[in-house]
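Read the structure below first, then the notes.
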Amino acid sequence: MCLAAVTSLLATFPAVSRAENVTGAGSSFAAPIYESWGAAAKTATGVTVNYQSVGSSAGQNQILAGTVDFGASDAPMDAKKLEAGHLFQFPTVMGGIVPVVNIPGIKPDAITLSGEVLAGIYAGDITTWDDAKIAALNPGVHLPDTAIAPVHRADGSGTTFVFTSYLADSSDSWKQNQGASTSINWPSGLGARGNDGVAATVRNTEGAIGYVEFAYASRNHLTTVRLRNKAGTNVAAGLLSFSHAAEAADWKSAQHFAINLLNTPGKDAWPVVSATYVLVPVPARNPARDEAVRTFFSWDFANGDSAAEKLDYVPLPKSVKDDILAAWKSGK
């Protein structure tokens, strides 16, 4: 971005007049990028961001209670709740949710799964790795008879909302019996708190499968799988396949910027992509801290794309960033 464009974007919100501390809480999916942006923006803007990775449900609850300056959630808040809570919602980056496994003899991206098979695993209907439905997706691959140990989030989680929404979109049985939410009554498996907890449990449990934000899989060197997408392509998780999903998004029709990126029709699109959202009060409860929060995110939008991509997130299109900043300024 050219210097003039950066200057114009930052001018949308005035710089804070003095160093300011702000607090945010919520999504563990978004924690890596907020930590990275926070370190860089502190020097540039004087704003110190203390972010607590406590899960999306807690993030929504804390901003509604007024105990933080911004909440963070991978599950968008519905319009009635936003209105009642006097909140403005906007996405910051997009990223992929990926299944990770610990299967003896299986290397990263060596096997393919599908949404329907994942639903069967988490429903407790598919219980060993050599099950016929998994074998049908993996001709020529030697699959052990190891028992499957499904791992899910034990805390209220936007990552769970995205993952279960994908399962519900892929399986009528899952949609009817389990549904999609930040917290559900899991039919089987082990619970762990946060993306970090799921990653650690999978790494330490032979036969395990879990779901995490891609950055956690990459950081922890976990074994990812390919997924068969809506077009019938077996795709690997990564920035390119996430970007293919984001390209098909209909931003203009998204209410409160809540965009649906699941099972997009692109030939090479990863099927489990989500935006992550920030929630801020409108009008401001504390004008100084509200100004600091806006300075922080406007700086991130102007300067943070490279950091986002290094952490395997997909930055928002510039037009969407501009729309967010204009809507936030007007309080709509």
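Over the residues of the chain, the helix contribution to mean residue ellipticity at 222 nm works out to -12000 deg cm²/dmol, using -39500 (n - 2.57) for each DSSP H run of at least 4. Angle, helix 287-303 long axis vs. longest principal axis of the chain, Cα atoms, 0 to 90°, nearest 10? Here the helix axis deviates by roughly 60 degrees.
Its convex hull of Cα atoms gives region 99-257 a direction-averaged projected area, equal to a quarter of the hull surface, of 9.5 nm².
Pairs from the table (K80/K318; K107/K175; K252/K310; K230/K318; K42/K310) lying more than 21 angstrom apart at Cα are K80/K318; K107/K175; K252/K310; K230/K318. Note on region 38-174: semi-axes of the ellipsoid equivalent to its C-alpha gyration tensor, largest first and rounded to whole Å, are 38, 19, 12.
Once you reduce region 311-332 and region 59-95 to the center of their Cα atoms, the two points are 15 Å from each other. Compared with the rule-of-thumb size 2.2 N^0.38 Å for a compact globular protein, the chain has a Cα radius of gyration ratio of 1.00. When only the Cβ of Lys, Arg, Asp and Glu is charged (+1, +1, -1, -1), the dipole of region 99-257 relative to its Cα centre reaches about 260 debye. With R₀ set to 51 Å, the beta-carbon distance separating H86 from T128 gives a calculated FRET efficiency near 0.50.
Is the shape of region 172-217 rounded, prolate or oblate, going by the alpha carbon gyration tensor and its root eigenvalues a ≥ b ≥ c, with a/c under 1.5 for rounded and a/b larger than b/c for prolate? Verdict is prolate for region 172-217.
When only alpha carbons are used to place a centre, region 100-139 and region 194-272 end up 16 Å from one another.
Quick one: putting +1 on the C-beta of Lys and Arg, -1 on the C-beta of Asp and Glu, what dipole do you get for the chain around its Cα centre, in Debye to the nearest 20?
540 debye
Taken together, the values in this text are just the output of simple stated rules run on the coordinates, not laboratory data. Note that the structure is predicted; figures quoted are calculated from it, not measured. Counting neighbours? That spans all protein chains shown, and the Cβs are built from the backbone with ideal geometry, glycine included.
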